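Below: the structure, in structure tokens.
The values are calculated or read from the model by the stated rules, or taken from the named source; none is laboratory data. All values reported here derive from a predicted model rather than from experimental measurement. Virtual Cβ from ideal backbone geometry, glycine too; neighbours counted across all protein chains shown. Accessible surface areas use protein heavy atoms only, side chains included; no ligands, DNA or RNA. Shrake-Rupley method; radii C 1.70, N 1.55, O 1.52, S 1.80 Å.
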Amino acid sequence: MISIAIISLMRYYSIRGDEEIRDMIISAVDDLTENAYLDSGFFYYKELSSLKRNAGNTTILEALTTAYKLTGNRDYLKYGVKTFETAVEGKGVVLSFAKKTEEDAVIISGNSSKGVGQSFLPLLTYYTACVREGIIKDLKNLKE
């Protein structure tokens, strides 16, 4: 949820140019990278104070790209490689039900149109920045 706030603040910053907002964005991304980044290469999504789980939401990629754009620090992009790789390989969270038929529709598990719509811009902006910085060479060779 913090990444969504970061993205919203960036949109506000792009209109207003308020340096205090810029600093707030960078501070929030720094907090995520310092406190929510796991050894697995993923960020965690904290639902309740006692629960943490891997976050597969690609909005984190847009948040990291935002910090990169504001600072020029390519290290922000490196934090998202595992999330990006998982998203483009289709290894994200999948609903656990088999294909079924209901009336004239075939229903299968997988990404919803909402998931595709929510992921498109973060994936595109992150990928573009990573290619420019040489972090990702191409989609067939995601790792440095």
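Values for this structure:
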{"quantity": "Qualifying positions in the stretch 36-56 - modelled with pLDDT under 90 and outside any loop (DSSP other than H, G, I, E, B)", "calculated": "43, 44, 45, 53, 54"}
{"quantity": "Single residue of the stretch 86-109 satisfying the filter (loosely packed, with under 13 Cβ neighbours inside 10 Å and under 18 Å from the mean Cα position of the chain (by Cα)) that is modelled with the highest pLDDT", "calculated": "89"}
{"quantity": "Given (1) more than 18 Å from residue 121 (Cβ to Cβ); (2) at pLDDT below 95; (3) in a helix (DSSP H, G or I); (4) hydroxyl-bearing (Ser, Thr, Tyr), number of the condition residue 83 does not satisfy", "calculated": "(1)"}
{"quantity": "Tabulated pairs, the stretch 115-129, first open to solvent by 50 Å² or more (accessible area, probe 1.4 Å), second not in a helix (DSSP H, G or I), C-beta under 9 angstrom, 6+ apart or interchain", "calculated": "118/57; 118/58; 120/58; 121/58; 127/136; 127/139"}
